[in-house]
Amino acid sequence: MYGSFYDGYMPDQDSHHWLPHRYLMPELYQPHFSNPLHRTPYPEVDASLFHESAVAFKGLMSDASKLMNALATNDTLAYNIMDAAQRSDMETVKTLIQSTGVKKDVEVDFNPDGINMEMVSTISGVNCCKLNMVLRWR
């Protein structure tokens, strides 16, 4: 026999208090079987954009690697970027970042605690992938 349990209360015969009692209510049972004839239709899988996004993202990672290597090995560059940011000289910050050899445009935002850099790649005019880098300097 199939059914679902329902928590109800039944009076205790001796004390006339209501006590929890579980009983089966077969009318509430609805089977959850998978019926192949009633499946939700999904569109045919086309992984071409997904694949192109992965290729484009590898380019972003390459640029990010160039930038991080330059910051990690060139103390003067790191100092100059931080100095320009503290003076709110966004143009100099972007110029210094581009001087590391990155090919993509880098959106930059900074605050007293650190710098946020974002690179975006597009395929056919559609943003396909984004790489965010956040570095603390204080």
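No lab work stands behind these numbers, since they all come straight from the coordinates. Everything numeric in this text was worked out from a predicted model, so none of it was measured. Glycine gets a Cβ as well: all are built from the backbone with ideal geometry, and neighbour counts include every protein chain shown.
If each residue of separation counts as 0.36 nm, what is the full-extension length gain between Val45 and Arg138 once their alpha-carbon separation is subtracted?
28.8 nm
To the nearest 20 debye, what charge dipole does the stretch 78-117 have about its Cα centre, counting +1 at the Cβ of each Lys and Arg and -1 at the Cβ of each Asp and Glu?
For the stretch 78-117, the charge dipole is close to 180 debye.
State the extension gain, in nm to one decimal, for the chain segment bounded by Phe57 and Tyr79, taking 0.36 nm per residue of separation less the distance between their alpha-carbons.
5.1 nm
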